[in-house]
Amino acid sequence: MKIRDIALIGILSAIITAGKLALSFVPNVEIVTLLFIVYTIVFGYKRIFFTSVVFTTTEIFIYGFSTWLLGYYIVWPMLIMITGLMKEKIKSEYGYATIGAIFGYAFGMFFAIVESFFYGRAYGWVYWIRGIPFDLIHGTSNFIIILVLYKPITDVLMKLKKSYYNL
């Protein structure tokens, strides 16, 4: 890995962390999903996998270690992989907004599965059902945020990539 890749991963991880913290006062409204999708489109999935690991590890220092962290190590790379696989098929922000919405609606289910490994299947079901209103907010806000911000952020990052990163 080149030094510029390491620097890029650090910068992108810091932006995701700052974006998450900036919106942390609004339950389940976040730009992390948007940024992982945009970063994957602009910089490719290999660099962004490392970005997700750095971001998730940074979350340990902010929020402490718990079972949700294991879900983060699974969920964000899964989003990156789905985005990378769909890159050739999706040509507009509506496709990515749909991926973000589905991801947000299913977010609680992913974590319910992880929680059920630690606390049992009944706990997993309760965890998921209790969080459905938050998942509805999460998926809907992901759709709107991605629909509005995908194109402008992608355009800016493509210009910066071309100017400074020489890719």
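Read-outs throughout are calculated quantities, based only on the coordinates presented, and are distinct from any laboratory measurement. Being a predicted model, the structure only gives us computed values, none of them experimental. Every residue, glycine among them, receives a Cβ derived from its backbone with ideal geometry; neighbour counts consider all protein chains shown.
Things to note:
- Members of segment 107-142 found to be surrounded by 15 or more Cβ atoms within 10 Å (Cβ to Cβ) and of a type in the set (G, A, S), listed by number: G108, A112, S116, G124, G131, G139, S141
- G100 being buried (at least 17 other Cβ atoms within 10 Å of the Cβ), in contact (Cβ under 8 Å) with a residue 12 or more places away in the chain, among the small types (G, A, S) and farther than 21 Å from I16 by Cβ: no
- The conditions of being closer than 22 Å to D5 by Cβ and in contact (Cβ under 8 Å) with a residue 40 or more places away in the chain are not met by V114.
- Reported count of residues in segment 127-146, each being touching an Asp or Glu at 6+ places or on another chain (Cβ under 9 Å) and more than 8 Å from G104 (Cβ to Cβ), is 4.
- Among the residues of segment 17-68, just one is surrounded by 21 or more Cβ atoms within 10 Å (Cβ to Cβ) and in contact with a Pro (Cβ under 7 Å, 6 or more places away or on another chain), namely S52.
- Check on S163, among the small types (G, A, S), part of a helix (DSSP H, G or I), touching a residue at least 60 places away in the same chain (Cβ under 8 Å) and on the phi < 0 side of the Ramachandran plot: no
- Pairs are defined by a Cβ separation below 7 Å, a sequence spacing of at least 6 or placement on different chains, a first member in segment 1-30 that is over 19 Å from Y45 (Cβ atoms), and a second member that is of a type in the set (K, R) and in a helix (DSSP H, G or I); the pairs so defined are E30/K20.
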